[in-house]
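Peer 1: After the structure tokens below, expect a handful of questions from me.
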Amino acid sequence: MFSSLNIFRIVALLEGVSYILLLFIATPIKYLLDDPQYVKLLGMPHGLLFVAYIALAFLFKKEFSWTNNQFLIVLLAAIIPFGTFYIDRKYLKSAQ
């Protein structure tokens, strides 16, 4: 079965992928081709994944004994392209 850590890792992966798709594919299509449908399509799922990632980070802060600086890095990773992939490799994968 899925552990809560595996769920966090999956959410981090999906949040990262949705952010990259939104940032590098949907947004350029919106502004270069005047077609906002992809932003509308990807925006809500990305927003939900972002909120889930942040909520799970708060839940795991104590369990992983993250310092305030580490926790800040985990949170900031959600707004940096490819950031959640780094967090998975640096903090989550090693916790298994």
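The values are calculated or read from the model by the stated rules, or taken from the named source; none is laboratory data. Not measured: the values here are computed from a predicted model. Because the Cβ atoms are built from the backbone with ideal geometry, glycine has one as well, and the counts that use them run over all protein chains shown. Ligands, DNA and RNA are stripped out before the accessible areas are found, and what is left, the full protein with its side chains, is counted by its heavy atoms. Shrake-Rupley method; radii C 1.70, N 1.55, O 1.52, S 1.80 Å.
Peer 1: Report whether or not residue 55 is over 23 Å from residue 6 (Cα atoms) and small (Gly, Ala, Ser).
Peer 2: No.
Peer 1: Let me ask you something else. Do you know which residues across region 6-31 are in contact (Cβ under 8 Å) with a residue 40 or more places away in the chain and hydrophobic (A, V, I, L, M, F, W, C)?
Peer 2: Answer for region 6-31, where residues must be in contact (Cβ under 8 Å) with a residue 40 or more places away in the chain and hydrophobic (A, V, I, L, M, F, W, C): 7, 8, 11, 12, 13, 20, 23, 24.
Peer 1: Return the pairs, sorted by first residue and then second, in which the second residue is open to solvent by less than 60 Å² (accessible area, probe 1.4 Å) and in a loop (DSSP other than H, G, I, E, B), the first residue lies in region 67-96 and is more than 12 Å from residue 57 (Cβ to Cβ) and in contact (Cβ under 8 Å) with a residue 12 or more places away in the chain, the beta carbons are less than 7 Å apart, and the residues are 6+ apart or on different chains.
Peer 2: Once the first residue is more than 12 Å from residue 57 (Cβ to Cβ) and in contact (Cβ under 8 Å) with a residue 12 or more places away in the chain and sits in region 67-96, its partners that are open to solvent by less than 60 Å² (accessible area, probe 1.4 Å) and in a loop (DSSP other than H, G, I, E, B) give 95/64.
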